[in-house]
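**Student:** Here it is, the structure in full.
The values are calculated or read from the model by the stated rules, or taken from the named source; none is laboratory data. In this text the structure is predicted, and so the values were computed from the model without any measurement. Please note: Cβ atoms are built from the backbone with ideal geometry, for glycine as well, and neighbour counts cover all protein chains shown. Heads up: the accessible areas ignore ligands, DNA and RNA and are worked out on the full protein's heavy atoms, side chains in. Shrake-Rupley method; radii C 1.70, N 1.55, O 1.52, S 1.80 Å.
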Amino acid sequence: MIPVRDDLRALEGYHSAQVDVRVRLNTNESPTPPPDAFRDAVAAEVSRVDWHRYPDRAATALREAIAESHGVDAAQVFVANGSNEVLQTVLLAYAGPGRVVATFEPTYQMHAQIARVTGATVVEGERADDFTLDPAEVERVLAEHQPHVVFLTSPNNPTGLVEPADRVQQMLDLAPGLVVVDEAYAQFADWTALDLIDEATPLVVTRTFSKTWSMAGARLGYLIGPTWLVAELEKVVLPYHLDAVKQIAGRLALRYVEDMDDRVAQIVAERTRVSAELAVLGLTVIPSGANFVLFRVDGRDGHDIWQGLVDRSVLIRDCSGWPRLANCLRVTIGTPDENTEFLSALTEVLGVIAIDDQTDFPTEENGADQ
Ligand SMILES: *Cc1c(COP(=O)(O)O)cnc(C)c1O
């Protein structure tokens, strides 16, 4: 073995248990596929792809379609293989060795992870116990660390909370560098930071086809930002990074916006039902503006509850061992049937695993190994 870069030695990489189960509610995918008409349209166009030629390097047609859907210019759109690659490209261009990236925890783990891979220093601001973000903490982190890039996720993952508009505005007022608003779940929420974008503002908004568009299998994401910033990203990303098939799939998907809106509406309705039922079960439910719900099983062991669900062939996300998320679990909203199966399995598990008064408030010492 040869040694990896010193600064990568302590990194762990991304983990999400992939278990073979009947009900899979752990990665915030859409529970239903895009419409058949979309699949047929993609198949027809793919049959005409010039396989011996490189794809359109600028992904012109796709970027124009995305730009049109948001009422912006195609030169304000950067596309890549999932919004994770969008984030990576942003961080390669604006973070890297000697630079500082700020996050407010708990939030999407990949922001800090990718920043560290680029060699940047990550500073972690803290959210309050209810996972909201105190303006004083934003001010402290920005003033003390002068980050080159600061992240906000709205709705936030894994909490589901929608960030208030004035928190984004505050960051724009105070941040010395780039503000990235990750809107992977924006269609499930009631506002977007897209309206704040202009050429004079160092703000980008990232979106993905993985969630609302039912296209996690395609790996496609994009950002909207100032044209000068998009031009820098184009210098950093690999040539021809976006294959021809993906460019077709993304462009055609946008023709089925009504189907997407219908799926979103159904998930939002189910989110309301699942949240209410979780509260009836006596659990602490974090209000969600996304397609998942974070809840806390106070007085019980979160991992045991998760395992009990797996034993009943229901897989959700076990966040109980993550920093700041003791006894928290996150469930993706599925089809109505899947949600009902999840709720009845959970009811059963809660009946079996009794509340233990001793572990009401896990401490550092006993929280880790339970
Ligand atoms: C799911 C998710 C993404 C999506 O990443 P892709 O690479 O587009 O699949 C990005 N940001 C957040 C906060 C997410 O939860």
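**Student:** Within 10 Å, count the other beta carbons around each residue, average over each peptide in 65-73, 12-20, and list them highest first.
**Tutor:** In descending order of packing, they fall as 65-73, 12-20.
**Student:** While we're here: Could you go through the range 258-275 in sequence order and give the Karplus-derived ³J(HN,Hα) for each residue, using 6.51 cos²θ - 1.76 cosθ + 1.60 with θ = phi - 60°, rounded to whole Hz, and x for Gly and Pro?
**Tutor:** 5, 4, 5, 4, 5, 4, 4, 4, 5, 5, 5, 5, 5, 4, 4, 5, 4, 4
**Student:** OK, next. May I ask for log10 I(q)/I(0) of the range 8-76 at q = 0.18, 0.19 Å⁻¹, from a Debye sum over the Cα atoms as equal point scatterers with solvent left out?
**Tutor:** Log10 I(q)/I(0), no solvent term: -1.01, -1.00.
**Student:** Considering all alpha-carbon pairs of the chain, what whole percent are spaced by more than 35 angstrom?
**Tutor:** That fraction is 27 percent.
**Student:** Note down the magnitude of the dipole of the chain about its Cα centre, charges +1 on Lys and Arg C-beta and -1 on Asp and Glu C-beta and zero elsewhere, to the nearest 20 debye.
**Tutor:** 1220 debye
**Student:** Evaluate the distance, in nm, between pseudo-label points positioned 7 Å from the Cα of V46 and of A17 along their respective Cα→Cβ axes.
**Tutor:** Spacing of the two 7 Å Cα→Cβ label points: 3.3 nm.
**Student:** Using the per-residue mean of other Cβ atoms lying within 10 Å as a proxy for protection, in what order, highest first, do the peptides 120-127, 179-186 fall?
**Tutor:** 179-186, 120-127
**Student:** In degrees between 0 and 90, to the nearest 10, how far off the longest principal axis of the chain does helix 60-70 point, with axes built from Cα atoms?
**Tutor:** It is inclined by approximately 60 degrees.
**Student:** Provide the per residue accessible area, probe 1.4 Å, for the chain, rounded to a whole number of square angstrom.
**Tutor:** 46 Å²
**Student:** At a 1.4 Å probe, what is the % contribution of carbon and sulfur to the accessible area of the range 36-255?
**Tutor:** Using a 1.4 Å probe with all protein chains present, the range 36-255 comes out at 50 percent carbon and sulfur.
**Student:** Cα axis of helix 82-94 to longest principal axis of the chain: angle in degrees, 0 to 90, nearest 10?
**Tutor:** It is inclined by approximately 70 degrees.
**Student:** Listed highest first by mean packing, meaning other Cβ atoms within 10 Å per residue, what order do 54-64, 189-199 come in?
**Tutor:** 54-64, 189-199
**Student:** Then there is this: Quick check on the range 36-255: what does the Kirkwood estimate of hydrodynamic radius come out to from the alpha carbon pairs, in Å?
**Tutor:** Across the range 36-255, the inverse of the average 1/r is 17.9 Å.
**Student:** Here's another thing I want to ask about it. In a Debye calculation with equal point scatterers on the alpha-carbon sites of the range 99-204 and no solvent, what is log10 I(q)/I(0) at q = 0.14 Å⁻¹?
**Tutor:** -0.49
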